[in-house]
1. Could you check region 75-88 and list, in sequence order, the residues that are part of a helix (DSSP H, G or I), of a type outside the set (Lys, Arg) and either more than 16 Å from the chain's Cα centre (by Cα) or within 17 Å of GLN116 (Cβ to Cβ) (or both)?
2. Go through region 1-28 residue by residue and tally those that are β-branched (Val, Ile, Thr), out of contact with any Gly (no Cβ under 9 Å at 6 or more places or on another chain) and farther than 16 Å from THR43 by Cβ.
3. Consider region 47-66. How many of its residues are surrounded by 15 or more Cβ atoms within 10 Å (Cβ to Cβ) and of a type outside the set (A, V, I, L, M)?
4. From the list SER69, SER95, which one is at pLDDT 95 or above, buried (at least 17 other Cβ atoms within 10 Å of the Cβ) and among the hydroxyl-bearing types (Ser, Thr, Tyr)?
5. Please work out if GLY62 is free of Cβ contacts under 8 Å to residues at least 40 places away in the same chain and touching a Leu at 6+ places or on another chain (Cβ under 7 Å).
6. Select, from MET94, MET104, the only residue that is within 21 Å of THR17 (Cβ to Cβ), of a type in the set (A, V, I, L, M, F, W, C) and either touching a residue at least 60 places away in the same chain (Cβ under 8 Å) or touching a Phe, Trp or Tyr at 6+ places or on another chain (Cβ under 8 Å) (or both).
7. Report every pair of residues separated by at least 6 positions or lying on different chains whose Cβ atoms are under 8 Å apart, first residue within region 28-51 and in contact (Cβ under 8 Å) with a residue 40 or more places away in the chain, second buried (at least 19 other Cβ atoms within 10 Å of the Cβ) and of a type in the set (Ser, Thr, Tyr).
Amino acid sequence: MVALLNRRDRHHAWAETVWSEVEAPLLTCEAVLAESCHLLRRTEAGPAAVMELLRRGAIAIGFSLAEESPAVGRLIKRYGDVPISLADACLVRMSELLTGSEVMTVDSDFRVYRRQGRGIIPTMMP
């Protein structure tokens with residue numbers, strides 16, 4: 001999301017291409033929205049652009065941290081040495097819950113993370 005909304009991001013062109021090829025809405029979680037807003041706070045697009053994607057239905061929240069906090073907590077503990085962010089842990093958990101899904105990311109840590117212990121997380125990466 002950050003690469004898509006920040007024209008100066010080195011992965012911006014890749015993000016635009018991928019976003020144009022996937023069917024909306026893309027599922028995400030509040031932690032990713034918060035992290036994206038933070039990272040975009042000093043850009044032209046800014047946090048308002050993140051909220052506009054949500055308002056337009058281009059993205060949707062498909063995760064409840066309240067319900068999944070035990071599993072997310074285990075992931076944070078397991079990957080504490082990476083370290084894993086709350087947003088990343090939520091996305092790993094979403095990949096466990098949503099079989100057949102792919103995580104769109106520029107974060108190479110997703111090559112390290114595993115779902116359900118040993119399963120490679122299908123990703124779309126530049």
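The values are calculated or read from the model by the stated rules, or taken from the named source; none is laboratory data. Just so you know, these numbers come straight off a predicted model, no measurement behind them. Cβ atoms come from the backbone with ideal geometry, glycine included; neighbour counts cover every protein chain shown.
1. Within region 75-88, the subset part of a helix (DSSP H, G or I) is 75-78, 86-88.
This time we only want the ones that are of a type outside the set (Lys, Arg), so: 75-76, 86-88.
Those that are part of a helix (DSSP H, G or I), of a type outside the set (Lys, Arg) and either more than 16 Å from the chain's Cα centre (by Cα) or within 17 Å of GLN116 (Cβ to Cβ) (or both): LEU75, ILE76, ASP88.
2. Step one: list which residues in region 1-28 are β-branched (Val, Ile, Thr), which gives 2, 17-18, 22, 28.
From the residues that got through so far, the ones that are out of contact with any Gly (no Cβ under 9 Å at 6 or more places or on another chain) too are 2, 17-18, 22.
Among the residues that remain, those that are also farther than 16 Å from THR43 by Cβ are: 17-18, 22.
Residues that pass the stated criteria total 3.
3. Number satisfying all stated conditions: 2.
4. Details: SER69 fails: buried (at least 17 other Cβ atoms within 10 Å of the Cβ).
Answer to the check: SER95.
5. Numbers: free of Cβ contacts under 8 Å to residues at least 40 places away in the same chain: yes; touching a Leu at 6+ places or on another chain (Cβ under 7 Å): yes.
So GLY62 fits the description; yes.
6. Numbers: MET94 fails: within 21 Å of THR17 (Cβ to Cβ).
Going through MET94, MET104 in turn, the sole match is MET104.
7. If the second residue must be buried (at least 19 other Cβ atoms within 10 Å of the Cβ) and of a type in the set (Ser, Thr, Tyr), the pairs left are VAL50/SER36.
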